[in-house]
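Worksheet for the structure shown next.
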Amino acid sequence: MSDLTALSAIELSKTIAAGDASCVEVMDAFLEKIEALNPHVNALVNLIPRDECLNLAREADAAPRIDAGPGWLRGIPVAVKDLSRAKGLATTCGSPLFQDEIATYDDPHVAHLRAAGAIIIGKTNVPEWGLGGHTDNPVFGLTRNARDPQLSAGGSSGGAASALASGMLSIADGSDMMGSLRTPAAFQGLVGFRPTPGVVPLAPEMDPMELGLVSIGPMARNVADAEALFSTLAGRAPQTSAHNSPEPSLAGLKIGWLGSAGGHWPIEPSILRFCEQALTVLATAGAKVDACISHQIADLWPCWLTLRQTALSPGKALYQDPSKRPLMSDNWQWEIQQGALLSRDDIGAAEQAQRAWRAELDGLFSEYDVLIAPACQVHPFESADGTPQQIHGRSLDTYHRWLEVSLPASLGNLPVVSMPIPGLSPQHMTGLQLMMPSGSDQALLSVARGVETALGPAN
């Protein structure tokens, strides 16, 4: 039998449905890979015992076989990002404050995974509270890049990316506020899709401000898997068979290339070069690529700081507790401290800047079908060096300024997909960010399939 862990999620689903491999065989194959690789990569945490995993697989084998459709994940092992609740597992958020918090229920998208037949075997590692874009925390430690263990896995869905890239999972969920699906996907040659916020339901108790900035979505080795998982996360029946639509064409597609936003974003020159080479391939496939000028991008950073710090304000109660504050990271404390300085006028000004950006997007999308930007500003960096302090000679003023390229989509309420650029070494991994208007999730995924066809698979 071929290596089951090397199959795409859709191929694996079809293999199980056809009876060519049992759920127990699938589970055993993935557990063997996890036992061999996870001690070195540290992508998966809070794993349930092997015997329990195999018992769940036996139960899945005993269930009626379903050929694709809503039950397409039957018997497939899945680990949930450790910012989301999965009943019976700790939701640590990478923080000592929560390491003993056992979930008593599933978050909505996790319930959808179980309903589709997925076997939840554990969690994927995250930075503390999902902050910072580099997956390391005081509870479980550092997650390593599966392509090169000396490099950062990215974050906050870094555990998901490393588990996928190493073959320990076939698909993974993630969440994205500031590139948390996009950066680790670009760092490890994967597809990361941040849907329009709200399409995948979030936990209802989340802060209202956070609800508008965070989106849950899929990460996968290819677009088809990401598309199928997106449907499941959103509570829809996925199409896991061959697409009925013709092979997506890029002919006539109007692309607006943001580049470095007129020099506003500090970006490693090699990233811009690789992105522009990829855009040349898309142009050869029939797309029309033009440089896109924005007049609002420079205003997004102060707007973002205000809205993000407001969204993180529920942490203020923890910060004010003298017994808990020492257990909060410096980054988390800084966000709370900065948020406490904000006035109502500050928040109002940020909301106005966000409205202005969305108005500019309306104009841009009247001219272009899709906007493209680099998926990240730096290549995967040495884990031992911590997060970047400068880019191409420009010093960075906050711990997360190197993620600024994520803001056009995050503040624009846009669906955005990070697409890998094939043929790059682990040290030079990067990708393209494709954005379309709010609500255009399926159209964007269709474009992503066309881009994947033109560029070729990354894996």
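Looking only at the range 78-88, decide whether some residue is in contact (Cβ under 8 Å) with a residue 40 or more places away in the chain, more than 16 Å from Leu44 (Cβ to Cβ), in a loop (DSSP other than H, G, I, E, B) and in contact with a Leu (Cβ under 6 Å, 6 or more places away or on another chain). Looking through the range 78-88, none of the residues is in contact (Cβ under 8 Å) with a residue 40 or more places away in the chain, more than 16 Å from Leu44 (Cβ to Cβ), in a loop (DSSP other than H, G, I, E, B) and in contact with a Leu (Cβ under 6 Å, 6 or more places away or on another chain).
Taking every residue in the range 242-254 that is at pLDDT 95 or above and pairing it with any residue that is assigned to a loop (DSSP other than H, G, I, E, B) and surrounded by 13 or more Cβ atoms within 10 Å (Cβ to Cβ), at least 6 positions away or on another chain, the pairs with Cβ-Cβ distances below 6 Å are Leu250/Ala285; Leu250/Gly286; Leu250/Ala287; Ala251/Gly286; Leu253/Ala287; Leu253/Asp369; Lys254/Tyr368; Lys254/Asp369. When Ala57 is tested against (1) surrounded by fewer than 17 Cβ atoms within 10 Å (Cβ to Cβ); (2) in contact with a Cys (Cβ under 6 Å, 6 or more places away or on another chain), just one condition goes unmet, and that condition is (1). Checking the structure you have, find out if any residue of the range 72-80 is under 18 Å from Thr5 (Cα atoms), aromatic (Phe, Trp, Tyr) and surrounded by 15 or more Cβ atoms within 10 Å (Cβ to Cβ). Within the range 72-80, one or more residues are under 18 Å from Thr5 (Cα atoms), aromatic (Phe, Trp, Tyr) and surrounded by 15 or more Cβ atoms within 10 Å (Cβ to Cβ).
Say whether the condition of being part of a helix (DSSP H, G or I) and in contact with a strand residue (DSSP E or B) (Cβ under 7 Å, 6 or more places away or on another chain) is met by at least one residue in the range 327-349. No - not one qualifying residue is present in the range 327-349.
Inspection of the range 95-107 finds no residue satisfying the criterion of being closer than 28 Å to Glu11 by Cα, touching a helix residue (DSSP H, G or I) at 6+ places or on another chain (Cβ under 7 Å) and of a type in the set (A, V, I, L, M). When the test is whether a residue is in the same structural domain as Ala90 (by TED's automatic domain parsing) and within 28 Å of Asp51 (Cα to Cα), Ala161 passes it. Only one entry of Asp345, Asp385, Asp369 meets the criterion of being in contact with a Lys or Arg (Cβ under 8 Å, 6 or more places away or on another chain) and of a type outside the set (Gly, Ala, Ser), and that entry is Asp369. For the range 23-79, a residue qualifies if it is at pLDDT below 95 and of a type in the set (A, V, I, L, M), and the qualifying residues are Ala62, Ala63, Ile66, Ala68. Of the numbered criteria (1) touching a helix residue (DSSP H, G or I) at 6+ places or on another chain (Cβ under 6 Å); (2) closer than 23 Å to Ser410 by Cα; (3) not small (Gly, Ala, Ser), the one Tyr319 fails is (2). When the range 347-377 is filtered for residues that are more than 20 Å from Leu272 (Cβ to Cβ) and of a type in the set (Val, Ile, Thr), only Ile347 remains. Within the option set Asn38, Asn55, being in the same structural domain as Ile171 (by TED's automatic domain parsing), in a helix (DSSP H, G or I) and without any contact (Cβ under 8 Å) to a residue 40 or more places away in the chain holds for one residue only, Asn55. Given the structure, is Asp136 of a type in the set (D, E, K, R) and over 15 Å from the mean Cα position of the chain (by Cα)? So Asp136 passes the test.
Kindly indicate whether any position in the range 103-118 is hydrophobic (A, V, I, L, M, F, W, C), in a strand (DSSP E or B) and touching a strand residue (DSSP E or B) at 6+ places or on another chain (Cβ under 7 Å). No, because not a single residue in the range 103-118 is hydrophobic (A, V, I, L, M, F, W, C), in a strand (DSSP E or B) and touching a strand residue (DSSP E or B) at 6+ places or on another chain (Cβ under 7 Å).
Remark: pairs (first residue in the range 329-349, closer than 16 Å to Trp304 by Cα and without any contact (Cβ under 8 Å) to a residue 40 or more places away in the chain; second residue assigned to a helix (DSSP H, G or I) and aromatic (Phe, Trp, Tyr); Cβ separation under 6 Å; 6+ apart in sequence or on different chains) = Ile336/Tyr319.
Does Thr5 qualify as being crowded, with 17+ Cβ neighbours inside 10 Å, assigned to a helix (DSSP H, G or I), touching a residue at least 40 places away in the same chain (Cβ under 8 Å) and touching a helix residue (DSSP H, G or I) at 6+ places or on another chain (Cβ under 8 Å)? Yes; evaluated as a whole, the condition is true for this residue. Of (1) farther than 24 Å from Gln239 by Cα; (2) surrounded by fewer than 17 Cβ atoms within 10 Å (Cβ to Cβ), Pro64 satisfies all except one. Which? Status for Pro64: all satisfied but (1). Only a single item in (1) in contact (Cβ under 8 Å) with a residue 40 or more places away in the chain; (2) among the small types (Gly, Ala, Ser); (3) within 25 Å of Gly252 (Cα to Cα) is not met by Ser383, and it is number (3). Checked against the criteria, Val26 counts as buried (at least 17 other Cβ atoms within 10 Å of the Cβ) and without any contact (Cβ under 8 Å) to a residue 60 or more places away in the chain. Scanning the range 304-326 for residues that are surrounded by fewer than 20 Cβ atoms within 10 Å (Cβ to Cβ), in contact (Cβ under 8 Å) with a residue 40 or more places away in the chain and either in the same structural domain as Ser156 (by TED's automatic domain parsing) or part of a loop (DSSP other than H, G, I, E, B) (or both) yields a single hit, Lys324.
The values are calculated or read from the model by the stated rules, or taken from the named source; none is laboratory data. No experiment lies behind these values; they were computed from the predicted model shown. A quick note on method: Cβ atoms are made from the backbone with ideal geometry, for glycine too, and the neighbour counts reach across all protein chains shown.
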